[in-house]
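Note sheet for the following structure.
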Amino acid sequence: MAEEYQNLTDEQLIERLRGGDERVMDYILGKYKPLVLGKANAMFLIGGDTDDLIQEGMIGLFKAIRDFRDDRASTFFHFAELCIARQLYSAVEASNRKKHAPLNTYVSFYSRMGKEGKSLAETLPTDSMDNPEQLVIAQENLAQFWEELKGRLSPMEREVLDAYLSGQNYRQIADEMGKSPKAIDNALSRIKAKIK
């Protein structure tokens, strides 16, 4: 398949794709993947990894293929490079704003943990607990959960967790502790894994 496309310009490939040759899409995505990899490896995404950036770059490439118009003065290569860069920068900016932080750092209330295999939802007191004994047991279970968790965390992870729970963001915690935001992100990832 690649041989029949090798002698065509990118603009001709796009024309064939729009003419109904859907195999061209895979060829172009494969051809430009090294460009995406190069750009993604040069960036850092808070709360994500290089694979997330590669995925964002491939989305930018797909948009370039979809939106390219050959009646403009730009070649497809330059247009694709611009679309990939814009998509990557948008992803990095969004991660810096922490727009999706609750989605990326959640721990399910229903995942089993601890020695007894109870979920966090089972240890938290609920409004339906009219029985004072149930309320005390639930509070003790929650306290035990926090004690077990703190026992599993390193001193740095405990400090990061306390600061995070007090409402500080990555950069504030990093500045306060004299660490990089990436080190704080890594610590929070380890904490999340230990909670699970």
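What follows is calculated from the coordinates using simple rules that are stated; it is not laboratory data. Not measured: the values here are computed from a predicted model. Reconstructed Cβ throughout: ideal geometry from the backbone, glycine too, with neighbour counts over all protein chains shown.
Give me the orientation-averaged projected area of the Cα convex hull of the range 2-100, in nm², one decimal.
Details: hull surface 27.2 nm².
Quarter of the Cα hull surface area: 6.8 nm².
Starting from the Cα-Cα distance between Glu133 and Ser154, subtract it from 0.36 nm times their residue separation and give me the gain in nm to one decimal.
Numbers: separation 21, 0.36 × 21 = 7.56 nm, distance 3.37 nm.
Additional length available on full extension: 4.2 nm.
Pull up the cross-link candidates among the aspartates and glutamates for Lys31, meaning alpha carbon to alpha carbon under 12 Å and not fewer than 8 places away within one chain.
Candidates past the 8-residue exclusion: Asp10.
Would you mind calculating the gained length between Asp51 and Glu22 on full extension (0.36 nm times residue separation, minus the Cα-Cα distance), in nm to one decimal?
Working: separation 29, 0.36 × 29 = 10.44 nm, distance 2.55 nm.
That pair, Asp51 and Glu22, stretches by 7.9 nm at full extension.
Filter Lys39/Lys63; Lys33/Lys179; Lys150/Lys179; Lys33/Lys194; Lys150/Lys182 down to the pairs with a C-alpha to C-alpha distance above 26 Å, please. Can you show the working numbers first?
Values: Lys39/Lys63 16 Å; Lys33/Lys179 34 Å; Lys150/Lys179 21 Å; Lys33/Lys194 35 Å; Lys150/Lys182 22 Å.
Over 26 Å Cα-Cα: Lys33/Lys179; Lys33/Lys194.
So if we plug the beta-carbon distance of Ala183 and Glu147 into 1/(1 + (r/R0)^6) with R0 = 22 Å, what FRET efficiency do we get, rounded to 0.05?
Values: r = 26 Å, r/R0 = 1.16.
Between Ala183 and Glu147 the formula returns 0.30.
Using a Förster radius of 35 Å, what is the FRET efficiency between His78 and Arg171 based on their Cβ-Cβ separation? Nearest 0.05, please. Don't skip to the end; give the middle numbers.
Working: r = 34 Å, r/R0 = 0.98.
According to the calculation, E is roughly 0.55.
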